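Readers should treat all values here as calculations from the given coordinates under stated rules, not as data from a laboratory. Predicted, not measured: the structure shown is a model, and the values here were computed from it. Every residue, glycine as well, gets a Cβ built from its backbone with ideal geometry; the counts of neighbours run over all protein chains shown.
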Amino acid sequence: MFSGLSAAFGRTGRGKGARREGEVMYQFNREEYDKRMEWYRDARFGMFIHWGLYSIPARGEWIRSTEEMTKEEYQKYFEEFDARDFNPKEWARMAKEAGMKYMVLTAKHHDGFCLFDSKYTEYKATNTKAGRDLVREYVDAVRAEGLKVGLYFTLLDWYHEDYPHYQDRNHPMRNHPECGNENRDFSRYVDYMHKQVEEICTNYGQLDLLWFDFSYDDMRGEKWGATRLINMVRSLQPQVIIDNRLEVSGEGRGSLAECNPTPYHGDFVSPEQIIPPEGLADIEGNPLAWEACVTMNNHWGYCGTDQYYKPAPMLIKKLVECVSKGGNMLLNVGPDAYGNFPSQSVEILAEIGRWMKKNKESIYGCGIADVPKPDYGRVTRKGNTYYFHMYENTIGPVPLIGLDKTKVKGIRALADGYELPVSTSWVHSDYPDIVFADLGPNPVLPDSTDYVLKVEMED
């Protein structure tokens with residue numbers, strides 16, 4: 001796998017992505033890659049947080065684009081923003097109690113507003129009524145809870161004058177010919193964007209995850225000066241994990257999947273609002289790291305009229321599904337205008353946390369089980385231990401299909417550890433090679449959401 005990568009990563013390209021004199025180039029190294037990915041593959045569950053000026057009108061984070069708001073129309077939210085209830089310690093506590101291992105906050109979204117104190121713009125939280133570096137407080141709070149620190153940074157910027165306006169697919173002024181691009185210098189914007197990334201990679205200590213968003217049309221790769229950008233990021237944050245959106249959007253897999261990665265390859269694939277039907281692999285069949293980013297309702301940013309929240313049992317099962325396919329789940333919360341988590345999100349997180357407290361062993365460090373998916377649920381695996389997730393009971397003893405009957409060391413209920421016998425009932429005598437677990441005569445599972453059987457196997 002990845003033969004000849006050193007040579008591939010020695011290429012610098014031309015133009016904005018080209019190597020500058022004296023610059024040390026990032027070189028892919030499989031051993032180093034696997035090492036920095038260890039915690040991420042073990043964590044499996046994280047929290048996404050979309051919060052900014054768009055939380056005030058509360059019609060979604062794309063409101064400036066969808067409603068084609070001018071800069072002047074949007075300015076009133078900047079003047080109002082005060083973050084009066086912002087409490088990242090409480091955010092981090094709720095994430096930890098939900099069983100999450102990392103958090104990702106929108107340091108800057110597409111509207112260009114920065115939650116961090118950037119010296120390259122006046123459009124930042126420190127210049128609002130909030131008057132504080134909110135990223136600083138977030139980073140400190142997350143670390144204090146022992147969670148991994150992630151920051152989201154968009155490649156787009158609808159506030160910057162040099163970002164394309166007219167006829168850009170996403171810009172609020174895309175349909176306004178008076179906002180033409182003749183006097184805009186995109187190279188100035190790219191330099192500005194790079195300087196802000198340098199700030200967040202310099203001013204907040206070690207970052208564990210950097211989540212770029214997103215490439216589209218011809219706005220991808222070296223259009224962003226991606227080689228130069230990643231060389232800088234890797235020099236400042238050598239252990240940081242980076243998504244694949246310098247190359248693609250949520251629907252793409254990127255060059256890592258092609259086994260010919262660019263210098264700005266993503267460390268993981270980032271499907272959005274979908275869980276892949278199967279685990280993701282490169283063209284040679286090797287598994288890829290991936291993360292499904294998912295909203296609790298139908299919006300990333302706070303939307304006051306969106307009450308269509310996914311119930312906790314559903315989200316638990318979707319987390320299990322991700323893990324069973326070798327992926328992570330990044331579950332989003334959109335705080336309100338003042339910085340409060342919606343009450344529905346709080347309740348959902350608490351319910352997920354109660355399940356995780358008893359069953360986290362079947363999530364952390366687990367992955368694909370390489371056994372058939374049972375009709376009653378899913379299977380995750382860690383080494384010689386298989387976790388059969390039961391969403392419903394079976395008629396008769398529970399078949400643990402795919403296991404070698406001669407190597408079963410024991411079966412236990414994960415939630416409370418009690419031992420379950422291997423069934424010897426006559427009803428499954430037609431299937432002598434299949435292991436059946438005996439749950440007794442009760443057709444009602446002790447946990448109606450997901451009842452986990454832990455099966456230990458011999459080497």
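Tabulated results
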| item | result |
| --- | --- |
| From phi via Karplus (6.51, -1.76, 1.60), per-residue ³J(HN,Hα) for the range 33-42 in Hz, x at Gly/Pro | 4, 4, 5, 6, 8, 4, 5, 5, 5, 7 |
| Helix-derived mean residue ellipticity, 222 nm - over the chain, DSSP H n ≥ 4, -39500 (n - 2.57), to 500 | -7000 deg cm²/dmol |
| Whole-angstrom gap from the range 246-294 to the range 372-436, using each part's C-alpha centre | 32 |
| Summed residue charge, Cβ within 11 Å of Asp243's Cβ, Lys/Arg positive, Asp/Glu negative | -4 |
| Alpha carbon convex hull of the range 207-340, volume per residue in cubic angstrom | 140 |
| Calculated Cα Rg over 2.2 N^0.38 Å (choose from (1) 0.96; (2) 1.06; (3) 1.27), label | (2) |
| Burial order of peptide ranges 103-112, 303-312, 336-345 (average beta-carbon count within 10 Å, highest first) | 103-112, 336-345, 303-312 |
| In Hz, Karplus ³J(HN,Hα) per residue of the range 136-147 (6.51, -1.76, 1.60; θ = phi - 60°; x = Gly, Pro) | 4, 5, 4, 4, 4, 5, 5, 4, 4, 8, x, 9 |
